[in-house]
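Only one structure is covered here, and it is reproduced in the block below.
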Amino acid sequence: MQKENDSMDDFEFDVLTEIGNIGAGNATTALSQLINTKIDMNVPKVEMLTFAELAEIIGGAETLVAGILLNLEGDIEGTMLFILESSAARLFVQQLMGCVTGDEGEFSDLEKSALQEIGNIISGAYLSAISGMTNLTINVSVPSLAFDMAGAILSVPAIEFGKLGDKALLIQSVFNDMNVDISGYFILIPTLESYGRIMKSLGLR
Amino acid sequence: MIKVGMADANVCRTPDAITTLGLGSCVGVALYDSTTRIAGLVHVMLPDSTTVRQNSNKAKFADTGIDLLIDMMVRAGARRTGLTAKIAGGAQMFAFSGNSDMLRVGERNVQAVKKKLTSLGIRILAEDTGLNFGRTVEFYPETGDFLIKAVGKPQKTI
């Protein structure tokens with residue numbers, strides 16, 4: 001489903017794919033250690049998508065998802081969003097807390113903070129890979145969690161991308177945990193200046 | 001049911017209905033001509049087209065999106081002078097301390113929509129905006145009802 005992209009050349013696209021790969025690999029290792037279970041990860045898919053496609057790929061605009069948002073400061077400024085399907089979020093929380101909760105209904109406050117911590121660790125691992133690769137510092141804010149319709153959560157990064165164009169960059173990682181495929185989605189939104197800085201530090205500009 | 005995507009607009013006439021799914025910080029603006037029973041819905045993402053270089057998609061912005069929707073409705077046979085509005089969305093999906101532009105975009109979208117509608121003399125009959133949750137909306141031109149659905153909340157009609 002890869003789309004023609006108008007704002008990036010193929011080489012830059014490859015670089016972002018590689019950054020996504022390394023970041024997601026690091027994130028998977030961190031997640032594995034956290035919940036003490038071996039997790040495999042497929043090679044992430046990197047796509048430039050229109051806003052309509054963005055919601056569709058996550059299962060439609062009304063699909064329930066958990067979104068964890070972090071603000072980035074330092075050499076790379078911007079926002080990072082990590083999205084988990086609600087069933088996956090529940091599974092991770094259960095494994096982390098070692099108990100089985102219901103399949104339906106709201107997360108308790110304790111489960112929410114566990115989820116926030118999962119998001120924090122996954123995103124932190126992802127970002128430290130990027131930081132190591134580019135030699136740029138990234139300071140991360142306390143994560144903020146929302147549990148809502150995919151369309152509503154995605155409106156936050158979509159609006160940021162909307163200032164630059166009509167497409168967004170999505171990195172999808174499929175985790176495989178005990179033979180259950182779990183999709184996680186990373187959306188990294190550097191500011192325009194930071195994007196330039198990433199490319200420059202990699203010797204591409 | 002006619003679907004309107006993100007940064008998209010469309011027109012609908014009774015007995016059909018029109019919807020947009022999962023509004024977060026975006027705002028859904030439903031315009032209605034009760035005489036012809038023609039309705040239109042636009043899903044705007046950003047407040048102001050003049051501050052963004054990539055502004056060719058008119059439906060993306062509050063200012064140009066509402067103009068675009070009115071043109072589409074008039075072409076479909078609606079009367080420009082008889083239009084009323086109902087609006088929903090403009091939530092702040094993530095809670096953060098601080099007051100950065102990015103986090104206030106929902107609120108700014110709502111303000112921009114209201115300003116544009118006021119400048120056109122279009123009355124806002126009802127709104128369900130702000131707070132911190134996503135909304136799916138459906139507009140029914142037969143009755144003028146604007147149905148609002150949110151996760152874990154009772155459905156409501158405004």
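The values are calculated or read from the model by the stated rules, or taken from the named source; none is laboratory data. Please read these numbers as outputs of a predicted model, since none were measured by experiment. With ideal geometry, Cβ positions are generated from the backbone for all residues, glycine too; neighbour counts draw on all protein chains shown.
Which of the residues spanning segment B:39-61 are at pLDDT 95 or above and among the small types (Gly, Ala, Ser)?
Those that are at pLDDT 95 or above and among the small types (Gly, Ala, Ser): B:Ala39, B:Gly40.
So which residues in segment B:124-141 are at pLDDT below 95 and touching a Ser or Thr at 6+ places or on another chain (Cβ under 6 Å), if there are any at all?
Within segment B:124-141, none qualify.
Only residues that are surrounded by 21 or more Cβ atoms within 10 Å (Cβ to Cβ), within 14 Å of chain B (Cβ to nearest Cβ) and part of a helix (DSSP H, G or I): list them for segment A:107-158, please.
The answer is A:Leu115, A:Gly119, A:Ser123, A:Ala150, A:Gly151, A:Ala152, A:Ile153, A:Leu154, A:Ser155, A:Val156, A:Pro157, A:Ala158.
Among the candidates B:Gly5, B:Gly28, B:Gly22, which residue alone is closer than 29 Å to A:Val65 by Cα, surrounded by 23 or more Cβ atoms within 10 Å (Cβ to Cβ) and facing chain A (nearest Cβ under 10 Å)?
Only one candidate passes the filter, namely B:Gly22.
Residue by residue through segment B:75-93, note down the ones that are more than 12 Å from chain A (Cβ to nearest Cβ) and within 15 Å of the chain's Cα centre (by Cα).
Correct list: B:Leu83, B:Thr84, B:Ala85, B:Lys86, B:Ile87.
Residues that are within 13 Å of another protein chain (Cβ to nearest Cβ), polar (S, T, N, Q), in contact with a strand residue (DSSP E or B) (Cβ under 8 Å, 6 or more places away or on another chain) and surrounded by fewer than 19 Cβ atoms within 10 Å (Cβ to Cβ): does segment B:96-112 have at least one?
Within segment B:96-112, one or more residues are within 13 Å of another protein chain (Cβ to nearest Cβ), polar (S, T, N, Q), in contact with a strand residue (DSSP E or B) (Cβ under 8 Å, 6 or more places away or on another chain) and surrounded by fewer than 19 Cβ atoms within 10 Å (Cβ to Cβ).
Mind listing whichever residues of segment B:101-141 are closer than 25 Å to A:Gly67 by Cα and free of Cβ contacts under 8 Å to residues at least 40 places away in the same chain?
Matches in segment B:101-141: B:Asp101, B:Met102, B:Leu103, B:Arg104, B:Glu107.
Quick one: in segment A:66-85, of everything that is surrounded by fewer than 23 Cβ atoms within 10 Å (Cβ to Cβ) and within 10 Å of chain B (Cβ to nearest Cβ), which residue is nearest to the chain's Cα centre (by Cα)?
If we take residues in segment A:66-85 being surrounded by fewer than 23 Cβ atoms within 10 Å (Cβ to Cβ) and within 10 Å of chain B (Cβ to nearest Cβ), then A:Thr79 is nearest to the chain's Cα centre (by Cα).
Among the residues of segment B:62-106, which ones are out of contact with any Leu (no Cβ under 8 Å at 6 or more places or on another chain), at pLDDT below 90 and either acidic (Asp, Glu) or not in a loop (DSSP other than H, G, I, E, B) (or both)?
Answer for segment B:62-106, where residues must be out of contact with any Leu (no Cβ under 8 Å at 6 or more places or on another chain), at pLDDT below 90 and either acidic (Asp, Glu) or not in a loop (DSSP other than H, G, I, E, B) (or both): B:Gly82, B:Asp101.
Do the conditions hold for B:Gly40, that is, is it closer than 17 Å to B:Met6 by Cα and away from chain A (no Cβ under 12 Å)?
The answer is yes for B:Gly40.
Mind listing just one residue for me: the one in segment A:47-65 that is assigned to a strand (DSSP E or B) and touching a helix residue (DSSP H, G or I) at 6+ places or on another chain (Cβ under 7 Å) and, of those, nearest to the other protein chains (Cβ to nearest Cβ)?
Start the filter on segment A:47-65 by keeping residues that are assigned to a strand (DSSP E or B), which leaves A:47-50, A:64-65.
When the remaining residues are screened for being touching a helix residue (DSSP H, G or I) at 6+ places or on another chain (Cβ under 7 Å), the result is A:49, A:64-65.
Working: A:Leu49: 11, A:Leu64: 7, A:Val65: 10 Å.
Restricting to residues being assigned to a strand (DSSP E or B) and touching a helix residue (DSSP H, G or I) at 6+ places or on another chain (Cβ under 7 Å), the top hit is A:Leu64.
Find the residue count for segment B:33-74, including only residues that are over 18 Å from the mean Cα position of the chain (by Cα) and touching a residue at least 12 places away in the same chain (Cβ under 8 Å).
3
Within segment B:107-118, is even one residue at pLDDT below 95, in a helix (DSSP H, G or I), closer than 30 Å to A:Ser144 by Cα and over 13 Å from the mean Cα position of the chain (by Cα)?
Yes: one or more hits.
Out of all the residues in segment B:47-87, which are within 29 Å of B:Thr157 (Cβ to Cβ), surrounded by fewer than 20 Cβ atoms within 10 Å (Cβ to Cβ), in contact with a helix residue (DSSP H, G or I) (Cβ under 8 Å, 6 or more places away or on another chain) and of a type in the set (Lys, Arg)?
The answer is B:Arg80, and nothing else.
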